[in-house]
Amino acid sequence: MLTPRKELNCVPDYVPGKSIDEIKEKYNLGRVIKLASNENPLGPSPMAMAAYKKCTQKLHLYPRGSAPELAKKLAAKWKVKEENLIIGNGSDEILDLAARAYLNKGDLALGADSTFSVYSSVTRFAGAKYKALPLKNFCYPLEVLKSAKIIFICNPNNPTGTYYSSKKIFDFLKKVPENILVVLDMAYWEFTGKGEPPLNKWIKLFPNLLCTRTFSKLYGLASLRVGYAIASGQIISALKKIKPPFNTNYPAQMAAAAALDDTAFVEETLQMNAAERDDLTFALEVLGFEVLPSGANFVCVKIGKFAKEFVEHLESKGVVVRHLKSFGMPEWVRITVGTPKENAVLLKAILAKNK
Ligand SMILES: *Cc1c(COP(=O)(O)O)cnc(C)c1O
């Protein structure tokens, strides 16, 4: 019999948020709101959409794998050289490249028991072991294990939304020996409103640091699959060695580059998210739920034993949220902060349950 590599047996299937069409069909609904995958409720950046549309004449050409227009803009934004940047088919791809480039069979990678599942999957695909440290008071466990080869840090953490300050991360990085790769996943950092750490300085001080970012959340481009990482030239060239040559497509590259200039959209997204996150947190607390303090575009809410039924009830009312069972938090749900209207529909659907 033909058998795939045995590492594949210990990787559970990725559990995505349910899609709008899936729920529409299941409950025969005309309108469904998806608050399950932390997408931008305002849609894609308008400037990105315009740039994307301009690309149709070039669809017959292979893209340039280095995404030069986008790389140039990112280098200017972060004040780094292009050799300190890699652009990926989503930041997920970069996580996979990092695992494949650095993990030998039997190596250990560290993460948390409730965090983004991609860290453990890419580790196992690479034939290495994944150790999930328990969260501490719902915060990511910042620990160094000298035997680890990679430490994955999700800051803010998905799904709790909790996060450490740049200072705290900096102090942690100082403690990590240089032969351990630190993958710092900052997919949601902009939503903290805290300003950017000087990543250009950090990568000089810490040649073992790989910081990943994404266009999927703030810029509203999840479907286009564009993410990137900033790191020392040494790490970036290792990842580029195994990067598929045409990993990002041309319309995606151009749309992402345009999104970087869309300051009005970014501002609107951040302002709405901050205001709605506060309001939603308050409203859920008034209803008696425990809500973790969030620096992201979602909130993590304790529902209790009937979390699964709670999620199903909301789905039947046309609101999709994420049950956190697959994240190791079966009594909790994660709710993406929506528009004021969407959040009102969500709260109404929750209340309809108690009647
Ligand atoms: C959404 C998310 C990403 C982004 O993944 P992409 O592949 O860039 O879409 C990365 N890390 C975390 C923790 C996320 O939640």
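Rule-based calculations on the coordinates, nothing more; no lab input. For clarity, every value in this text was computed on a predicted model and none was experimentally measured. Neighbour counts run over all protein chains shown; Cβ positions are idealised from the backbone, glycine included.
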- Query: What percent do you get for the relative contact order of region 87-143 when only Cα pairs under 8 Å and 6+ apart count?
  - Reply: 35
- Relative contact order for region 299-355: what is it in percent, counting Cα pairs under 8 Å that are at least 6 residues apart? 37
- Task: Return the single residue from ALA307, ALA109, ALA255 with maximal mean-square fluctuation; model: Gaussian network over the chain, springs between Cα atoms under 10 Å.
- Result: ALA307
- Note on the structure: Checked against a 19 Å limit on the C-alpha separation, the offending pairs among LYS146/LYS167; LYS131/LYS168; LYS175/LYS241; LYS175/LYS204 are LYS146/LYS167; LYS131/LYS168; LYS175/LYS241
- Query: Roughly how many debye, to the nearest 20, is the charge dipole of region 91-174 about its Cα centre, given +1 on each Lys and Arg Cβ, -1 on each Asp and Glu Cβ, and no other charges?
  - Reply: 300
- Note on the structure: One would report the antiparallel percent of DSSP beta bridges in the chain, rounded to the nearest 5, as 50
- Message: Students often check this: by mean Cβ neighbours within 10 Å, which of 5-13, 205-213 ranks highest, and how do the rest follow?
- Response: 205-213, 5-13
- According to the square roots a ≥ b ≥ c of the eigenvalues of the Cα gyration tensor, what is the shape class of region 89-160, taking rounded for a/c under 1.5, prolate for a/b larger than b/c otherwise, and oblate for the remainder? oblate
- Query: How many lysine pairs in region 1-122, separated by 8 or more positions in sequence or lying on different chains, have Cα atoms less than 15 Å apart?
  - Reply: 7
- Hypothetical label at LEU29: residues of region 319-335 whose amide nitrogen lies under 17 Å (7 Å Cα-Cβ projection): 319-324, 333-335
- Message: For q values of 0.11, 0.18, 0.19 Å⁻¹, compute log₁₀ I(q)/I(0) with the Debye formula on a Cα-only model of region 218-355, without solvent.
- Response: -0.57, -1.04, -1.09
- Note on the structure: One finds, for THR339 and CYS10 with R0 = 51 angstrom and r their Cβ-Cβ distance, a FRET efficiency to the nearest 0.05 of 0.80
- Provide the percentage of antiparallel DSSP beta bridges, counting only those with both residues in region 78-192; round to the nearest 5. 5
- Query: So what's the back-of-envelope 222 nm ellipticity for the chain, counting only DSSP H runs of four-plus at -39500 (n - 2.57) apiece and dividing by all residues, rounded to 500?
  - Reply: -11500 deg cm²/dmol
- Note on the structure: Residue by residue through region 164-170, the couplings from Karplus 6.51 cos²θ - 1.76 cosθ + 1.60 with θ = phi - 60°, in Hz, x for Gly and Pro, are 9, 5, 4, 4, 5, 5, 4
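Relative contact order (percent) for the chain, with alpha-carbon contacts under 8 angstrom and 6 or more residues of separation?
Normalised by residue count, the contact order of the chain is 25 percent.
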- Query: In nm, to one decimal, how far is the GLU309 label point from the ALA50 one, both placed 7 Å along Cα→Cβ?
  - Reply: 5.2
- Candidate aspartates and glutamates - alpha carbon under 13 Å from LYS317, same-chain residues fewer than 8 apart omitted: GLU25, GLU309, GLU342
- Message: Checking the cross-link filter: which aspartates and glutamates have an alpha carbon closer than 12 Å to that of LYS129, excluding same-chain neighbours under 8 positions apart?
- Response: GLU7, ASP107
- Message: Mean-square fluctuation check for the chain, GNM, Cα pairs under 10 Å: which of LEU224, LEU95, LEU61 is largest?
- Response: LEU61
- Note on the structure: Of LEU324, LEU142, LEU29, the most mobile residue in a GNM of the chain (C-alpha springs, cutoff 10 Å) is LEU29
- Could you give me the percent of Cα pairs per 10 Å distance bin for the chain, shortest bin first, beginning at zero and ending with the bin that holds the maximum distance? 5, 24, 33, 26, 11, 1
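Using the Cα atoms as the points, what is the convex hull volume per residue of region 1-91 in Å³?
Working: hull volume 24.0 nm³, N = 91.
Enclosed volume per residue, from the Cα hull, is 264 Å³.
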